[in-house]
Amino acid sequence: MKCVISCILAFCLPAMVSAADFSTGDAAKGKAIYDQICVHCHHLTDEASAVGAPGFKGVTKRRTLEWINEWISGPEAFVKKDAAAKELVKGKPIVMPTFPEMQVEQNRMDIIAFLKTL
Ligand code: HEC
């Protein structure tokens, strides 16, 4: 039984994250999320901020939407399994928090729709 549960956690949850339908995102709602949460660390230009957060301009060209979706779901969990995420933090402590708001798939679709406009 324990195995069944851990198998579900190991295989089905990541699959659910990557099966996201990005077309459902609302860029205007995403901008509101940016203004509330991400603005504290990320610029909308291509310049990194003082805390080392990359600027958002062109981020959807540097990274796939699936990658961004997983990163914003939980940077700490993603760094454990993704080489590019590991490279991004380069062995230093991860600065970006895991946000409760980013556990809601629609919020992630909205912020990604906004990032696509930059
Ligand atoms: C407390 C500061 C902070 C906040 C708030 C924050 N981030 Fe970050 N973010 C970072 C830092 C710093 C990095 C670089 C990796 C690291 O050191 O954690 C990063 C990396 C990223 C990346 C990867 C960018 C790239 O070019 O590879 C994305 C995408 C991202 N953040 C999205 C978001 C979104 C969306 C929000 C708002 C919901 C957000 N972040 C809020 C600090 C923050």
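The values are calculated or read from the model by the stated rules, or taken from the named source; none is laboratory data. What you see is a predicted model; the values in this text were computed from it and never measured. Note that we place each Cβ from the backbone using ideal geometry, even for glycine, and neighbour counts take in every protein chain shown.
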Original post:
Taking ALA77 and the conditions (1) part of a helix (DSSP H, G or I); (2) under 20 Å from GLY52 (Cα atoms); (3) near the ligand (Cβ under 7 Å from one of its atoms), which numbered condition does it fall short on, given that it satisfies the others?
Top reply: (3)
Original post:
Given the conditions (1) near the ligand (Cβ under 10 Å from one of its atoms); (2) more than 19 Å from ALA27 (Cβ to Cβ), and given that LYS86 satisfies all but one, which numbered condition is not satisfied?
Top reply: (1)
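Please determine, by comparing only the residues of the stretch 48-103 that are hydroxyl-bearing (Ser, Thr, Tyr) and free of Cβ contacts under 8 Å to residues at least 24 places away in the same chain, which one is farthest from ALA20 (Cα to Cα).
If we take residues in the stretch 48-103 being hydroxyl-bearing (Ser, Thr, Tyr) and free of Cβ contacts under 8 Å to residues at least 24 places away in the same chain, then SER49 is farthest from ALA20 (Cα to Cα).
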Subject >> Selection within the stretch 21-49 - more than 15 Å from the chain's Cα centre (by Cα), assigned to a loop (DSSP other than H, G, I, E, B) and more than 10 Å from the ligand (Cβ to nearest atom) >> reply: ASP26, HIS43, LEU44, THR45, GLU47
**OP:** Return the only residue of ASP21, ASP35, ASP26 being within 21 Å of GLN106 (Cα to Cα) and at pLDDT below 95.
**Re:** ASP21
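Tell me, yes or no, whether the stretch 51-66 has at least one residue that is touching a Ser or Thr at 6+ places or on another chain (Cβ under 7 Å), over 23 Å from GLY25 (Cβ atoms), more than 8 Å from the ligand (Cβ to nearest atom) and in a helix (DSSP H, G or I).
no
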Subject >> Which numbered condition PRO93 misses (of (1) modelled with pLDDT under 95; (2) surrounded by fewer than 17 Cβ atoms within 10 Å (Cβ to Cβ); (3) more than 12 Å from the ligand (Cβ to nearest atom); (4) not aromatic (Phe, Trp, Tyr)) >> reply: (3)
